[in-house]
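S.K.: Just passing along the structure, written as structure tokens.
The values are calculated or read from the model by the stated rules, or taken from the named source; none is laboratory data. These numbers were taken from a predicted model, which means no experiment stands behind them. Positions of Cβ are backbone-derived with ideal geometry, glycine not excepted, and every protein chain shown enters the neighbour counts.
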Amino acid sequence: MDIILTGRNFGLDESLKEYLIKKINRLGKTYEGIYRCEVILEEEKLRKNAEIILHLKRNKLVVKESSDDIYGSIDAAVHKLKTQLRKLHGKMSSKRRSVGVLDKMVSGFTDPENNVSEDEKGQIIQMNVFADKPMLPEEAKLELKLMDKSFIMFKNASTGEANVLYKRSDGNHGLIEPDF
């Protein structure tokens, strides 16, 4: 990881440089994927500002903190960066997890044309995806007649919830609405 230190109206001594590098390297060990870090330290009258910019693979995190002490500003900025990195890592892992679960779900389906042996009965053999287009139950009834299926899942335009409309054996239709 490249670390670029800049001081504006501020002198960088060796102990401060070592402190900064130690803090930034600790972030780099915890969170992989950081390829460049820019640290800008500046002094404005009585305030000491620390701005840290992390360049990641697809993102850029920027944190700016100020206090009376430069070490306090650095610590607060690093703490905020840890929080942002934790959130970003959580988002990325949840995206990976949802994609992985979906892949496992799709790979678990078998082709309905294949012969199913006795020990494989009870598996899910077909997957249907329903449109997220909102419609009224009357519209869903028309779509059900056009599709020549026994049920349809749709998003109800009046409630915004997912509903199921199905054909009953007596020729009427039934509507299933969630009650959470």
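S.K.: Scanning for something within 30 Å of Lys91 (Cα to Cα) and among the polar types (S, T, N, Q), does region 1-22 turn up at least one residue?
M.R.: Checked against the condition, which is being within 30 Å of Lys91 (Cα to Cα) and among the polar types (S, T, N, Q), region 1-22 yields no hits at all.
S.K.: In region 1-43, what residues are in contact with a Lys or Arg (Cβ under 9 Å, 6 or more places away or on another chain), closer than 14 Å to Ser73 by Cβ and at pLDDT below 90?
M.R.: Phe10 - this is the single residue of region 1-43 that is in contact with a Lys or Arg (Cβ under 9 Å, 6 or more places away or on another chain), closer than 14 Å to Ser73 by Cβ and at pLDDT below 90.
S.K.: Out of curiosity, is Lys80 outside any strand (DSSP E or B), at pLDDT 70 or above, assigned by TED's automatic domain parsing to the domain that holds Asn49 and of a type outside the set (Phe, Trp, Tyr)? It would help to see each step written out before you state the result.
M.R.: Values: outside any strand (DSSP E or B): yes; at pLDDT 70 or above: yes; assigned by TED's automatic domain parsing to the domain that holds Asn49: yes; of a type outside the set (Phe, Trp, Tyr): yes.
In short, yes.
S.K.: Which residues, counting only those in region 33-72, are under 16 Å from Gln84 (Cβ atoms), in a loop (DSSP other than H, G, I, E, B) and among the charged types (D, E, K, R)?
M.R.: Across region 33-72, the qualifying residues are Lys57, Arg58.
S.K.: Just one of Val129, Val164, Val116 is surrounded by fewer than 11 Cβ atoms within 10 Å (Cβ to Cβ) and either modelled with pLDDT under 70 or aliphatic (A, V, I, L, M) (or both); which is it? Before the answer, list the steps.
M.R.: Details: Val164 fails: surrounded by fewer than 11 Cβ atoms within 10 Å (Cβ to Cβ); Val116 fails: surrounded by fewer than 11 Cβ atoms within 10 Å (Cβ to Cβ).
Answer to the selection: Val129.
S.K.: Right, next: Condition check: closer than 21 Å to Arg86 by Cα and either outside the structural domain of Leu88 (by TED's automatic domain parsing) or among the polar types (S, T, N, Q) (or both). Does Asn9 satisfy that?
M.R.: Details: closer than 21 Å to Arg86 by Cα: no; either outside the structural domain of Leu88 (by TED's automatic domain parsing) or among the polar types (S, T, N, Q) (or both): yes.
The answer is no for Asn9.
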